[in-house]
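Beneath this line is the structure, given in C-alpha cells, with notes to follow.
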Amino acid sequence: MKKYSLHLAAILGSVLFLSGCGDQNGKESSNGALASNNAEKVYVAPGEHDEFYAFMSGGYSGNVAVYGLPSGRMFKEIPVFSQFPTNGYGYSEETKPMLETSFGFIPADDSHHPDISQTNGELDGRWLFINGNNTPRIARIDLKTFETAEIIEVPNSAGNHSSSYITENSEYVVAGTRFSVPIPQRDMPIKDYKGNFKGALSFISVEPETGNMDIKFQLIMPGFNYDLSHPGRGKSHGWFFFTTYNTEEANSLLEVNASQNDKDFIAAVNWKKIEEYVENGGGTMVPANYTHNVYSDETHSATSTMKKEVLTVDPTKVPGAIFFMPTPKSPHGVDVNPTGDYIIGNGKLSADLTVFSFDKMIAAIDGKKYDGEAYGLPILKFEDVLAGQVKSGGLGPLHTEFDGKGNAYTTFFISSEVVKWKVGTWEVIDRKPTYYSVGHCMIPGGNSRKPFGKYLVSMNKITKDRYLPTGPELEHSAQLYDISGDKMELIYDFPTHGEPHYAAAIPASILAPKSQKIYKLAENEHPFATKNVSDARVVRDGNVVHVYMAMIRSHFTPDNIEGIKVGDKVYFHITNHEQDFDVPHGFMMIGQKNSGLLIMPGQTKTSVWEPKQEGVWPFYCTDFCSALHQEMQGYVRVSPAKSNIDLSWSLGE
Ligand code: RUQ
Ligand code: CUA
C-alpha cells in the first residue's frame, strides 16, 4: 500500500488532478500552515537586499523575470524572445535584428530552461542561457547588464525543449529537439514518420572570453522525442544525458500511442568523443538556414547574420559515443547529482524514480554487455546500470534538484508535492505538498557541483485560490521552502509572471558587485549617436529623415522640428547624455505605430515614425526623470507632401 492518502482535489474539465496531503507529520492543512517565525525568514527589511537572484523563465511570455530570494520581489523582466514595449526591445531599430529568424521576424516565443554559466562546475555568474522552445533558439543574457546579448537559431530542430543546459566549464550549451522532424525538412506524408523522421541534438560552443555561440555539431538521432537533458559533472564530465519518450515513434494521439513501451530511453552521449571525431574532420557539413543575432554594447545595436551550413554527425559513425539506458515510463526530467555519480530518471507515468550509476554504466560499456540496439545504437541492460530506485510513494515525478548535502528533491506533478530523499540509500526523508501541481523545482546552484542548499522554489502549474482572484486568468504561483533543516518548511508563496518552467538562482554576492550602472557616453560607437549637443541635427535623404537628438534633464535637443512632410519616414536617433545611475529617459511620439523607447544613460536608441497627417505633433519623455519631467517635450511640424518648407530645428529659440 502507498503511504500517502489521496483525495480528489478538483475536476478540471476532463482532467483529474490529485493532491497529496501532508499527513506524515500528523497534521494536515490545506493552507500550508506557517510557523510564526517563518515571516522573519522571508522578510527583507526596507533598504536591505535579498540573498539570491533567481532567474525564472517566462514560458509563453518568451522572456526571463528576475526575482529576489527569499523575498519573492520581482526586480526586472528581461526581454529575450519577445517584443517588449516597456523598453522598446524588438521595436527599436537597434533591437529588431535580435528577433530575426530563418522564418522572418518572430515577435514571441516560449522560454523554458535558464542555466547560468559555470567554471569548474561552479556558477561563475557571467551569462544566463535560455531556450526558445517554439522557434528553436538559444539566447545568452549578459549578467553585467541583464540584457540579451546574443540569440542563435537551431536548425533541424522543433520544440527546442531539452535545452539550454551547459557543461561544467561552459564549453557547450546544449539544445535538443523535442519533436523529431524530416531532416532536411521536406514535403512527405506524416504517417511515414517512423524510421524517417530524426531528432537533432545540438552542441553549441561558447567562446570562453566573449561567450559567443556557434553550433559546433548536431547529432542526428533516431526519431524519438527528446524531452530534457543534463550534463555530467565531476567524474561524468564529458557526458550528456537526454531523456526520450515516444520511442514508439507514433505520429498521432501520442497520449495513448507514445505510452505503449514499458521503458523509453535515457540517451548517454559522450560529447568529448564526438568533439574529437569532428575535430579530426568527422561529420558532414549540410546546407541549413539559421540566424545568429548579436547585440553590441559599443554600438548599442544588434546585427543578424544568416548562417548557411551546419555540421551534422551520424551517431552510428562514432562507435562508443552513444548508449541508451532503458528507463521506465516515459521519463521527463533527467538530473545528475553534484558529484556526477548518479543519473536520475523521472518517469512521469510511474511512482518510482530510477537512478543509474555512472560507474556501472562505464563498466557495462567496457564489458560490451548490450541488450540489443536501436537504429544501430547499443542499448545497455537495465539491471547492469541501475543504482537503485526511490520508492517515493508519490505519483508523476518530473524533476530533481540537489542541496549539496547528499539530498535530492523531486517534484511530483500528480500527487502535487516535493519529496526529499537521500542519494545513495534512496530512502525518503520528507515530503511536503505544493499548491498546486508542481512542475520544476529549483535550488540555487542546483544544476552544478556546488548547490547552495538553503532554499527550494517550487514552480507550480495551477494557482486556483492561492491569491486574490483576477478573473479567469491568474499568474502562476511559486512556493519557497526552507531546506536548511531535516524537514522542509514552506515559508512563502509568490506569484510569478508567464509560466516559469525552470529557474536558475545565484548568490547576490557573485552578481551584484559586477552589475553595470551606466553606459559610458564616450564609448558609444552607435553610428547615429549624438555625443555632443552641438551635433544635434536633422538630415533629409529623399523621403527619409534622420533626427540626431540628445536628451538630458529636462529637455530634448532639438525640441522644435519643422520641414517634415506627410509620407516621410522619420528616424529619431536619441542619445541619453546622463551619466548617473538610474536616470533613463523615455520617448513617445503621438500616433506612432511602434512602442516607446526607454534609453539608458550613455545609450542611443532609434524609433521610426511615419507621419500620415499634417499638423503640429508633440513628443515627450515617458519616464518621470526630474521635477521638470513634464516640461521634457517637443513638437514636430508636419506639412503637406508637396510643401517646400525647409527643414529646421531648434532648442530655446
Ligand atoms: S519541462 S513542459 Cu522543463 Cu517539466 Cu517544459
Ligand atoms: Cu526625461 Cu522625463
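The values are calculated or read from the model by the stated rules, or taken from the named source; none is laboratory data. Here the structure is a predicted model, which is why all the values come from computation and not from measurement. As a convention, Cβ positions derive from the backbone with ideal geometry for all residues, glycine included, and neighbour counts pool all protein chains shown. Side chains included, ligands, DNA and RNA excluded: accessible areas come from the protein's heavy atoms. Shrake-Rupley method; radii C 1.70, N 1.55, O 1.52, S 1.80 Å.
A few points about this structure:
- Of the residues making up segment 104-134, just one is among the β-branched types (V, I, T), more than 20 Å from A54 (Cβ to Cβ) and buried (at least 20 other Cβ atoms within 10 Å of the Cβ), namely I106.
- The listed residue being at pLDDT below 95, in contact with a Gly (Cβ under 9 Å, 6 or more places away or on another chain) and basic (K, R), out of K235, K317, K263: K263
- Residues being without any contact (Cβ under 8 Å) to a residue 60 or more places away in the chain and in contact with a His (Cβ under 7 Å, 6 or more places away or on another chain) - total across segment 104-142: 2
- Those residues of segment 320-336 which are outside any strand (DSSP E or B) and either open to solvent by less than 10 Å² (accessible area, probe 1.4 Å) or more than 15 Å from G372 (Cα to Cα) (or both), in sequence order: A321, K329, S330
- Filtered residues of segment 612-653 (kept if touching a residue at least 40 places away in the same chain (Cβ under 8 Å) and either of a type in the set (S, T, Y) or within 16 Å of ligand 1 (Cβ to nearest atom) (or both)): S626, Y635, S639, S643, S648, S650
- Residue match in segment 212-223 (condition: free of Cβ contacts under 8 Å to residues at least 60 places away in the same chain, in a strand (DSSP E or B), open to solvent by 10 Å² or more (accessible area, probe 1.4 Å) and away from ligand 1 (no atom under 16 Å from the Cβ)): no
- Residue match in segment 592-611 (condition: open to solvent by 10 Å² or more (accessible area, probe 1.4 Å), away from ligand 1 (no atom under 16 Å from the Cβ) and farther than 26 Å from S82 by Cβ): no
- Residue identified as of a type in the set (S, T, Y) and away from ligand 1 (no atom under 16 Å from the Cβ) among Y409, Y370, Y436: Y370
- Inspection of segment 562-572 identifies no residue that is without any contact (Cβ under 8 Å) to a residue 24 or more places away in the chain, under 24 Å from P79 (Cβ atoms) and either open to solvent by 40 Å² or more (accessible area, probe 1.4 Å) or in contact with a strand residue (DSSP E or B) (Cβ under 7 Å, 6 or more places away or on another chain) (or both).
- Sole residue being of a type in the set (A, V, I, L, M, F, W, C) and open to solvent by less than 30 Å² (accessible area, probe 1.4 Å), chosen from L386, L380: L380
- Boolean, T167 is of a type in the set (S, T, N, Q) and in contact with a His (Cβ under 8 Å, 6 or more places away or on another chain): yes
- Among (1) in contact (Cβ under 8 Å) with a residue 12 or more places away in the chain; (2) under 23 Å from K308 (Cβ atoms); (3) among the β-branched types (V, I, T) - the single one I190 does not satisfy: (2)
- From T101, T145, T86, residue being under 21 Å from S607 (Cβ atoms), in contact (Cβ under 8 Å) with a residue 60 or more places away in the chain and either open to solvent by less than 40 Å² (accessible area, probe 1.4 Å) or within 15 Å of the chain's Cα centre (by Cα) (or both): T145
- Among the numbered conditions (1) outside any loop (DSSP other than H, G, I, E, B); (2) away from ligand 2 (no atom under 16 Å from the Cβ); (3) more than 24 Å from E525 (Cα to Cα); (4) open to solvent by 50 Å² or more (accessible area, probe 1.4 Å), the only one that I645 does not meet is (1).
- Every pair of residues 6+ apart whose Cβ atoms lie under 9 Å, when the first sits in segment 494-516 and is open to solvent by 10 Å² or more (accessible area, probe 1.4 Å) while the second is of a type in the set (K, R): P495/R466; E499/K461; K514/R126; K514/K144; S515/K144; Q516/K144
- Within segment 289-317, the residues that satisfy the criterion of being outside any strand (DSSP E or B) and either in contact with a Ser or Thr (Cβ under 8 Å, 6 or more places away or on another chain) or open to solvent by 10 Å² or more (accessible area, probe 1.4 Å) (or both) are D297, E298, T299, H300, D314, T316, K317.
- Members of segment 250-271 found to be open to solvent by less than 10 Å² (accessible area, probe 1.4 Å), more than 16 Å from ligand 1 (Cβ to nearest atom) and under 25 Å from Q185 (Cβ atoms), listed by number: A267, V269
- Meets criteria (of a type in the set (K, R), touching a residue at least 24 places away in the same chain (Cβ under 8 Å) and within 16 Å of ligand 2 (Cβ to nearest atom)) for R553: yes
- Hits in segment 629-642 (condition: open to solvent by less than 100 Å² (accessible area, probe 1.4 Å) and within 16 Å of ligand 2 (Cβ to nearest atom)): H629, M632, Q633, G634
- Extreme residue, nearest to K612 (Cα to Cα), among residues of segment 556-593 that are of a type in the set (V, I, T) and either part of a loop (DSSP other than H, G, I, E, B) or within 16 Å of ligand 2 (Cβ to nearest atom) (or both): V566
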